[in-house]
1. With point charges of +1 on the Cβ of Lys and Arg and -1 on the Cβ of Asp and Glu, referenced to the Cα centre of the chain, which listed residue (Asn150, Ile175, Tyr189) lies farthest in the positive direction of the dipole?
2. Cβ under 13 Å from Glu170's Cβ, Glu170 left aside: what net charge do those residues give with Lys, Arg +1 and Asp, Glu -1?
3. Just the accessible area for Thr111, please: 1.4 Å probe, Å², rounded to the nearest 10?
4. Are any of the pairs Lys19/Lys72; Lys11/Lys33; Lys109/Lys187; Lys33/Lys115; Lys12/Lys81 more than 26 Å apart by Cα-Cα distance, and if so, which?
5. Largest first, what is the accessible-area ranking of Lys83, Lys223 with a 1.4 Å probe?
6. Please determine, in degrees from 0 to 90 and to the nearest 10, the orientation of helix 3-24 with respect to the longest principal axis defined by the Cα atoms of the chain, where the helix direction is its Cα long axis.
7. Do the sum for the chain: with -39,500 (n - 2.57) for every DSSP H run of n ≥ 4, divided by all residues, what is the mean residue ellipticity at 222 nm, to the nearest 500 deg cm²/dmol?
8. Whole angstrom only: what separates the Cα centroid of region 14-34 from the Cα centroid of region 40-76?
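The values are calculated or read from the model by the stated rules, or taken from the named source; none is laboratory data. Predicted model, so just to flag it, every value in this text is computed and none were measured. FYI the Cβ positions are ideal-geometry reconstructions off the backbone, even for glycines, and counts take in every protein chain you see. Side chains are part of the model used for accessible areas, which takes the heavy atoms of the whole protein and leaves out ligands, DNA and RNA. Shrake-Rupley method; radii C 1.70, N 1.55, O 1.52, S 1.80 Å.
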Amino acid sequence: MHKGQAKKELKKQLSAFFKSMDYISKNFLDSEKMGKKEFQIFFNIYQQLGLAWEFLGLQCKHWDGYKKTRDKKETCKICGKVKGANDFYILLTRKGPIKLGVKVKPSSKKTFETKENAQIVNETIDFYGALVNVDVHNSYKSRLFGKGINMAAERIVNVKEENVECSIDEHLIHIRLRDKDRKAGGKRYGGFPWEIKKKDLKHFPVIFDFDEKYRFLGLTILK
Ligand SMILES: [Zn+2]
């Protein structure tokens, strides 16, 4: 095919493709009320569109050059790919933050017989080197502790960056520093600050944030 013709044809295909992508992301990925099954179908369509984008993008020679985006990246004026980025199958919206899936929470009051049946999502994404895991499940009967106990319904978000791991659920925010030199199986202790002697507290590089009424606002850990 003649070069000019190939470009014209690709532009036409990409324009139709972006319309489909916008339609799917606007109507379905932003919907909070969608049922799990329905959501899965639209999520699959979105994945397939992501694949189509990759394949259309592979044909693009970025003839018209690049434009600067708000976050100072350069994207192709025709196919929307970031300059210098490797081709891989990824699912991106064209504008705004990258969004994968909708927020899910435990969906049932029932206690399920198995973890598999109670699981709603348990997926990990390696995002530019940071690992993010979302684990959402309904209540289920666990046989982990011999007799069997009911595990509560939960939504747990875990982020790992280098040796720092942060886990967030409904009741706790837990930050764990992984020290390679520390022996496995070594003892761990825990305590509220007022339970620990001042001279021992000085080992902890933690700064508390609070307001004038001593309401807790957060904390900083120095590395
Ligand atoms: Zn291009």
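1. Ile175
2. Working: positive: Lys105, Arg155; negative: Asp135, Glu154, Asp169.
My count for the surroundings of Glu170 gives -1.
3. Only protein atoms counted, so the area is about 50 Å².
4. Lys11/Lys33; Lys109/Lys187, as the Cα separations exceed 26 Å there.
5. Working: Lys83 105, Lys223 200 Å².
My answer, sorted largest first, is Lys223, Lys83.
6. 40 degrees
7. About -7500 deg cm²/dmol.
8. So the two Cα centres are separated by 14 Å.
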